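The values are calculated or read from the model by the stated rules, or taken from the named source; none is laboratory data. Quantities reported herein were computed from a predicted structural model and do not represent experimental measurements. Backbone-built Cβ (ideal geometry, glycine too); neighbour counts: all protein chains shown.
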Amino acid sequence: MTEPTWSQMTRVFGRIGLLSFGGPAAQIALMHDALVVREKWLSEDQYLRALSLCMLLPGPEAMQLATYGGWRLRGVAGGLLAGLLFVVPGALVIMALALGYVWVGDLPLVQAGFLGIKAAVIVIVVQALMRLARKALQGPLAWALAGLAFVALFVFGVPFPWIVVGAGIVGYARARGDAVPAPPPARVNSLPTVAVWAALWAAPVVALWVFAQEFLLQIALFFSKLAVVTFGGAYAVLAYMTQAVVQDYGWITTTQMIDALGLAETTPGPLILVTEFVALLAGYAQGGVGMALAAGMVALWVTFTPCFLWIFAAGPYLDHIAARPRLAAALRGITAAVTGVILNLSVWFALHVLFTSVGTVRGLALPVPQLATLDVAALALTCLAAVLMLGIRLSLFASLSVMAALGCGVFLLGFT
């Protein structure tokens with residue numbers, strides 16, 4: 001294979017970034033088609049090993065997979081090019097949507113459009129759950145981990161990082177010892193790479209602490225922590241993030257969080273860009289457009305800088321890491337638990353979209369809707385979204401567009 005030129009890489013990875021709608025499953029398939037099938041820049045084996053590594057690491061696996069592809073082809077500069085092209089288009093769109101949202105989001109017609117998007121989001125998350133369950137729940141242990149994760153989150157509100165750690169430990173402990181031995185590690189010293197990227201990651205955090213920017217420092221610290229615990233993709237960590245930004249910090253409301261996810265679904269790039277949207281809304285509430293832009297930039301920096309750190313540090317050891325039987329088993333345990341986490345997210349979103357009042361059982365996290373507050377229009381829109389996406393199998397972008405229009409139509413007809 002000849003080394004691709006910079007113009008070729010810009011064209012291919014730029015196309016991936018612009019067309020990467022539909023969440024990680026669609027993005028991984030898009031990259032496979034571009035890098036393995038069309039361009040033949042990576043072999044099937046190289047691609048699958050890279051995917052296994054990215055699933056093991058915290059952070060958005062699709063963005064990390066793109067970064068690894070660029071790094072494999074043209075080193076650190078190639079990884080930066082591929083990773084940035086995957087993120088920047090969606091980040092710019094999210095910024096525009098967030099600013100538009102805070103200016104016109106309270107208009108009844110706009111809110112009606114968001115109701116249609118929310119209905120589609122319920123189906124989108126259920127689709128993610130179905131796809132993951134088919135691959136992850138192989139055997140009684142996997143089903144048990146998924147069930148325990150769901151109960152721990154839905155009923156008891158156990159923090160997501162503890163669930164990840166527990167599932168990883170169980171998988172690691174139950175690993176078989178008769179796997180093929182791993183090849184020797186690459187003779188590379190990753191300490192300088194770790195030091196440089198850790199310093200870049202920490203730089204804005206330290207600067208905000210020095211200049212006593214308390215709100216932005218909170219944003220930096222929270223989303224830095226989120227970057228470390230984001231195993232299993234954005235869907236898996238949304239329940240944890242929502243609990244923190246809505247209940248603990250009070251930065252945004254539950255309705256705004258659901259709107260944030262719905263709008264993030266309409267943009268290219270990783271779904272974890274929802275963190276930028278949340279930071280922009282929180283910043284706007286604190287100090288207008290200037291603070292919103294500052295908060296959004298901080299959230300982007302601390303969310304995606306670690307992705308480059310993980311890939312550039314671990315990439316040279318890929319063959320060794322991917323072949324380790326216990327690490328692979330820990331990943332399977334985490335993936336099984338993530339299925340339960342996504343089920344929790346599915347139920348949480350459905351309850352808050354379909355009912356206008358949802359309480360909790362005293363002393364527990366268990367949500368209990370007030371049945372008299374059922375939103376019939378939302379229920380009807382959710383059923384229509386299921387028909388479009390599960391029955392007719394309309395594309396994601398088309399489905400969201402149709403559902404937004406239907407939400408507006410329901411409002412104009414006086415049903416909301």
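At-a-glance table
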item	result
Whichever residue in region 113-164 is out of contact with any helix residue (DSSP H, G or I) (no Cβ under 7 Å at 6 or more places or on another chain) and among the basic types (K, R) and, among such residues, is surrounded by the most Cβ atoms within 10 Å (Cβ to Cβ)	K135
Only one of A336, A314, A405 that is modelled with pLDDT of 80 or more, farther than 28 Å from L148 by Cα and either within 22 Å of the chain's Cα centre (by Cα) or part of a loop (DSSP other than H, G, I, E, B) (or both)	A314
Tally of residues being surrounded by 23 or more Cβ atoms within 10 Å (Cβ to Cβ) and among the polar types (S, T, N, Q) across region 243-266	0
Complete set of residues in region 285-299 that are out of contact with any Phe, Trp or Tyr (no Cβ under 6 Å at 6 or more places or on another chain) and surrounded by 22 or more Cβ atoms within 10 Å (Cβ to Cβ)	A295, G296, V298
Residue check for C383: surrounded by 15 or more Cβ atoms within 10 Å (Cβ to Cβ) and over 26 Å from A136 (Cα atoms)	no
Any hit, region 336-344, residues being surrounded by fewer than 21 Cβ atoms within 10 Å (Cβ to Cβ), touching a residue at least 60 places away in the same chain (Cβ under 8 Å) and of a type outside the set (K, R)	no
Complete set of residues in region 273-310 that are closer than 22 Å to G78 by Cβ and either of a type in the set (D, E) or touching a Pro at 6+ places or on another chain (Cβ under 6 Å) (or both)	W301
Helices (runs of 4 or more DSSP H) contained entirely in region 1-75, each with at least 3 residues that are modelled with pLDDT under 85 and of a type in the set (A, V, I, L, M, F, W, C)	23-31, 44-56
Some residue of region 341-348 being closer than 15 Å to A120 by Cα and in a loop (DSSP other than H, G, I, E, B)	no
Every residue from region 33-54 that is surrounded by fewer than 21 Cβ atoms within 10 Å (Cβ to Cβ) and of a type in the set (A, V, I, L, M)	A34, V36, V37, L48, L51
A149 being at pLDDT 80 or above, under 24 Å from L364 (Cα atoms) and more than 23 Å from the chain's Cα centre (by Cα)	no
